[in-house]
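The structure appears right after this line, and notes come after that.
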Amino acid sequence: MPASKTARQRAREDITAEILAAARARLAEAGPGELSLRAVARDVGMVSSAVYRYYPSRNDLLTALLIAAYDELGEAAEAADDAVDDRDDHLGRWTAVCVATRAWSLTHPYDYALLYGSPVPGYAAPQDTVGPATRVIVRLVTIIVAAHQAGATSPVAPSIAPAGVEDAVADAIEFVRVLGNPEHADLPEITTRTIMAWTTIFGTLSFELFGHLVGSVSDYDAYFAQVISRLAADLGLPA
């Protein structure tokens, strides 16, 4: 059995969590571009030099915020998929993940803005964020691959695309191949459509959260349901 944590370790974890919570609250007030370690230190009743022992720079704090938010979003999506009892109900699983992704985003608009809003000047997300950032798309790809491998999809008709599109998404094709080991001749087409679906889902969420659907869409719930249903059909998931 692993050794129990020491009082010092538990205290450090508690303070780290308190700093992160204060930083997330700051996101709602000023946005990530204005995040300040000094302001966060004041919020938790610490001197700024003490906060630096936990997060040496603002960028380190931003990275921790990104990872925490991506993981929360990923956990919500994965839990929604896991809750679908019929694992062969690929459309139901797809819908559950998409709906959970939207629900989390609407409940955490400032965290969503950190993840998918304007880049923070002077900050470049490190490799540590890649795993958490891909949790939603990995789960969606897993569902799509499982459906195609089970023969539970409608034929995907080749689209009319300019030459070179397969090369343009070569990295994604390899990612899908490694993730699910599919041998479909349609893999480049399926992969391209999956990327299009992924970006459409988050593009739709961004338009909703940032107010760009005002005047065009009157029922956001119904519109999102239509979007994910049509994307599922485009991927070959049966209705």
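Per residue, the average separation of C-alpha pairs within less than 8 Å and at least 6 apart gives the chain a relative contact order of 20 percent.
Considering only DSSP states other than H, G, I, E and B, which trypsin sites (Lys or Arg not before Pro) in the range 1-60 qualify as loop sites with at most 10 other Cβ atoms within 10 Å? Let's see the in-between values first.
Values: sites: 5, 8, 10, 12, 24, 26, 38, 42, 53, 58; in loops: 5, 53.
Hits after loop and neighbour filter: 53.
Other residues with beta-carbon under 11 Å from the beta-carbon of residue 200 carry, at +1 per Lys or Arg and -1 per Asp or Glu, a net charge of +1.
Quick one: with all protein chains in place, what share of the accessible area of the chain is carbon or sulfur, to the nearest percent (1.4 Å probe)? The nonpolar share, carbon plus sulfur, comes to 55 percent. Between residue 230 and residue 106, residue separation times 0.36 nm minus the direct Cα-Cα distance comes to 42.5 nm.
Using the Cβ-Cβ distance between residue 219 and residue 48 with R0 set to 45 Å, the FRET efficiency works out to roughly 0.45.
3J(HN,Hα) along the range 18-25: 5, 5, 4, 4, 5, 5, 5, 5 Hz, from the Karplus curve 6.51 cos²θ - 1.76 cosθ + 1.60 with θ = phi - 60°, whole Hz, x for Gly and Pro.
The phi-based Karplus calculation (6.51 cos²θ - 1.76 cosθ + 1.60; θ = phi - 60°) puts the 3J(HN,Hα) values of the range 212-222 at 8, 9, 4, x, 10, 10, 9, 10, 5, 4, 5 Hz, whole numbers, x for Gly and Pro. Over the range 1-114, accessible surface divided per residue gives 53 Å², non-protein components excluded, 1.4 Å probe. Of 133, 83, 25, the residue with the greatest mean-square motion in the GNM of the chain, using alpha carbon springs below 10 Å, is 83.
The values are calculated or read from the model by the stated rules, or taken from the named source; none is laboratory data. Computed from a predicted structure; not experimentally measured. Every residue, glycine as well, gets a Cβ built from its backbone with ideal geometry; the counts of neighbours run over all protein chains shown. Only protein heavy atoms, including side chains, enter the accessible area calculation; ligands, DNA and RNA are left aside. Shrake-Rupley method; radii C 1.70, N 1.55, O 1.52, S 1.80 Å.
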